[in-house]
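A short write-up of the structure that comes next.
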Amino acid sequence: DEYILNGTKTWISNAQFCDLALVFAYTDPGQRPKGMSCFVVESKSPGFTSRPIEEKMGLHASPTGEIILEDCRVPAGALLGNEGEGFKICMSMLENTRLSCAAGGLGLARACLDAAVEYANNRQQFGQSVARFQMIQEQIARMVVEEEAARLLVYRAAVMKDMGVPNNRETSIAKYAAAQAANHAADEAIKILGAYGYSEEYPVARYYRDAKYYQIVEGTSNIQKWIIGQDALGIRKANR
């Protein structure tokens, strides 16, 4: 009639504010992925506790926390789908969250580009704007190319998602490219702004801290490369 859940999961967005949590737990550990099930758990359930993670490098506007389950009893009706379908549910969710994460990285890359262009056009040095310096132009050019390439990859994955076409491969490519573009753009923006880029007076310092997020969440950049590489080599097709 019920399940008893035990375990801890950290780095969860809005963990300390949620009313409901999707909990993935092994109901048959011996079956590995096929032994994982998904539960809808109320945060007021006995044995359910959460606490915030206060000290983060970036993404300060997004609350992050930890959930601890200690003999947390949930009714049988809390099971989402059937036993053993948890991994399948989790992977279907990742297809959506990875795509939205790719879009976020793309937006950050664009914000860095806009900030760098505005500063370069306004900053005067040696009687002219620093936008006239060829090295600045080279940095901006690379930022433009990488941002636009990432944009097309994100849009391709989004169109495939809208069409209901399998897109795990394309989403991994988009997320990897957007995360790389965001981190490179943030780094270049800091360089173009110089000491001002290192200060909180301009937004690029925050962009620099936040950019790393996109190489970590919803599958790290290394995970995306693993998916892409295995697909290219015919070891494991991403769009099954």
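Please treat every number below as a calculation from the coordinates, not as lab data. All of these numbers come straight from a predicted model, not from anything done at the bench. Neighbour counts are summed over all protein chains in view; Cβ atoms, including those assigned to glycine, are modelled from backbone coordinates with ideal geometry.
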| Pick from Asp210, Asp28, Asp114: which residue has the top mean-square fluctuation in a GNM of the chain where Cα pairs under 10 Å get a spring? | Asp28
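Label the chain by shape, choosing from rounded, prolate and oblate, from the square roots a ≥ b ≥ c of the eigenvalues of the Cα gyration tensor; if a/c is under 1.5 it is rounded, and otherwise prolate applies when a/b is larger than b/c, oblate when it is not.
Working: a/c = 3.45, a/b = 1.80, b/c = 1.91.
Oblate, because a/c is 1.5 or more while a/b does not exceed b/c.
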| query | Among the lysines, which fall within straight-line cross-link reach of Lys191, defined as a Cα-Cα distance under 21 Å, with same-chain neighbours fewer than 8 residues apart omitted? | reply | Lys212
| field | Likely footprinting exposure, Cys112, Cys90, Cys18, Cys101, fewest C-beta neighbours within 10 Å first | value | Cys90, Cys18, Cys101, Cys112
| task | Would you mind computing, in nm to one decimal, how far apart the modelled labels at Met57 and Asn82 are, each placed 7 Å from Cα along Cα→Cβ? | result | 4.3 nm
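Which of His60, His184 comes first, and how do the rest follow, when ranked by fewest Cβ neighbours within 10 Å? It would help to have the intermediate numbers written out before the result.
Details: His60 12, His184 18.
Ordered from fewest to most neighbouring Cβ atoms within 10 Å, His60, His184 come out as His60, His184.
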| message | Angle check, please: helix 221-232 long axis (alpha carbons) against the longest principal axis of the chain (alpha carbons), in degrees 0 to 90, nearest 10. | response | 80 degrees
| task | Provide the three semi-axes, in whole Å and in decreasing order, of the ellipsoid equivalent to the stretch 2-80 as defined by the square roots of 5 times the Cα gyration tensor eigenvalues. | result | 25, 14, 10
| query | Going toward the positive end of the dipole of the stretch 49-194, with +1 on Lys and Arg Cβ and -1 on Asp and Glu Cβ, which of Ser92, Leu80, Ala116 do you reach last? | reply | Ala116
| Relative contact order %, the stretch 40-140, counting alpha carbon pairs below 8 Å whose residues are six or more apart | 18 percent
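Which of Leu79, Leu108 has the fewest other C-beta atoms within 10 Å, and how do the rest follow up to the most?
Numbers: Leu79 17, Leu108 25.
Lowest to highest Cβ neighbour count: Leu79, Leu108.
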| Label-point gap, in nm, between Ile223 and Asp28 - each point 7 angstrom along Cα→Cβ | 2.5 nm
